[in-house]
Amino acid sequence: MDPRNKTFLVTGGASGLGGATVRALVHRGANVVIVDKARDAGVALAAELGAPARFIEADVTDEAQMQAAVELAKSAFGELHGAIGCAGIGTAGRVVGKGGLFPLELFKFAINVNLVGMFNMMRLAAGAMVDNVPDAGGERGVIVTTASIAAFDGQIGQAAYSASKAGVVGMTLPVARELAKFGIRVVTIAPGTFDTPMLAMLPDEARAALAAGIPFPNRLGHPSEFAALAVHIVENAMLNGETIRLDGALRMPPK
């Protein structure tokens, strides 16, 4: 799909991986609806990018709020052609730790945001895309979701996070197979350790330790590198039903 003059919805789009993806899409001539709970950052980014961008404050787990985001894309730009899910949270804690058992509510929260929220975006976006006029190749839309390498080699303390991201990986192929008849592709990116606002809160020593474990390049990933892959997925029609690791050959140790 040529992103020029197409419309995309990006959740978690106000900063980090999502923010970089928003910028990359606009740079390629696309229109973008920025979806995020961080209102100030979202409004600022939309103002910076101008006419091709809109912002809406929404929680990915809320059906009505996400439907409003989809409707904004259609009302502002005509059709919704793509959705990139970057919204998510990180959790950490041992199942049985010094402070007691891992809180069940925290486990449910991680699943609800990272997995249920991603599915909510996928289904609502797909529902809007099925009515699009197909392009010359028969394509009506593309959905890119974000998992994590923790889906495959989660560390001690990542039970909730790994489970939520493994769920995103697990639904990629079946949803891609289902939506194929409509000409809608589904691809997942599983990033390793990237230099995002979440990691920016860590001390410099901790960030350096994370970077040291990456074989090559021996550094944290840049959000722009995630965005470049997301845009390539949009443009490459043969990418479908797959999860792509983007991690510099990193395989996470047990802890």
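The values are calculated or read from the model by the stated rules, or taken from the named source; none is laboratory data. Since the structure is predicted, the reported quantities are computational estimates derived from the model, not experimental observations. Virtual Cβ from ideal backbone geometry, glycine too; neighbours counted across all protein chains shown.
Observations on the model:
- When residue 43 is tested against (1) more than 25 Å from residue 116 (Cβ to Cβ); (2) touching a residue at least 60 places away in the same chain (Cβ under 8 Å); (3) touching a strand residue (DSSP E or B) at 6+ places or on another chain (Cβ under 6 Å), just one condition goes unmet, and that condition is (2).
- The single condition from (1) modelled with pLDDT of 95 or more; (2) farther than 27 Å from residue 192 by Cβ that residue 111 fails is (2).
Yes or no, residue by residue, for (1) at pLDDT below 95; (2) crowded, with 22+ Cβ neighbours inside 10 Å; (3) among the small types (Gly, Ala, Ser):
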site: 148; (1), (2), (3): no, yes, yes
site: 154; (1), (2), (3): yes, no, yes
site: 163; (1), (2), (3): no, no, yes
site: 171; (1), (2), (3): no, no, no
site: 174; (1), (2), (3): no, no, no
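- Residue under evaluation residue 15, criteria (1) touching a Pro at 6+ places or on another chain (Cβ under 7 Å); (2) closer than 22 Å to residue 113 by Cα; (3) surrounded by 24 or more Cβ atoms within 10 Å (Cβ to Cβ), criterion not met: (3)
- Search result, residues across region 103-119 that are in contact with a helix residue (DSSP H, G or I) (Cβ under 7 Å, 6 or more places away or on another chain) and either surrounded by fewer than 18 Cβ atoms within 10 Å (Cβ to Cβ) or within 19 Å of residue 65 (Cβ to Cβ) (or both): 106, 111, 114, 115, 118, 119
- Within region 2-25, tally of residues that are in a loop (DSSP other than H, G, I, E, B) and over 14 Å from residue 229 (Cα atoms): 8
- Some residue of region 60-71 being of a type in the set (Gly, Ala, Ser), under 16 Å from residue 22 (Cα atoms), in contact with a Ser or Thr (Cβ under 7 Å, 6 or more places away or on another chain) and surrounded by 14 or more Cβ atoms within 10 Å (Cβ to Cβ): no
- Long-range neighbours under 6 Å by Cβ, at least six apart or interchain, first residue more than 14 Å from residue 85 (Cβ to Cβ) and in contact (Cβ under 8 Å) with a residue 24 or more places away in the chain within region 11-29, second in a loop (DSSP other than H, G, I, E, B) and basic (Lys, Arg): 29/4
- Pick from region 1-21, criterion of a type in the set (S, T, N, Q) and farther than 20 Å from residue 75 by Cβ, ranking: nearest to the chain's Cα centre (by Cα): 21
- The single condition from (1) surrounded by 14 or more Cβ atoms within 10 Å (Cβ to Cβ); (2) under 25 Å from residue 93 (Cβ atoms); (3) basic (Lys, Arg) that residue 185 fails is (2).
- Restricting region 241-255 to residues that are within 17 Å of the chain's Cα centre (by Cα) and assigned to a loop (DSSP other than H, G, I, E, B), the residue that is farthest from residue 213 (Cα to Cα): 241
- Selection from region 187-201 of residues that are in contact with a Gly (Cβ under 7 Å, 6 or more places away or on another chain) and either without any contact (Cβ under 8 Å) to a residue 12 or more places away in the chain or of a type in the set (A, V, I, L, M) (or both): 198
- Any hit, region 238-249, residues being surrounded by 17 or more Cβ atoms within 10 Å (Cβ to Cβ), at pLDDT 95 or above, over 30 Å from residue 129 (Cα atoms) and out of contact with any Leu (no Cβ under 6 Å at 6 or more places or on another chain): yes
- Selected residue (only one of 143, 89 is aliphatic (A, V, I, L, M) and surrounded by fewer than 22 Cβ atoms within 10 Å (Cβ to Cβ)): 89
- Residues being touching a Pro at 6+ places or on another chain (Cβ under 9 Å) and within 13 Å of residue 222 (Cβ to Cβ) - total across region 176-210: 3
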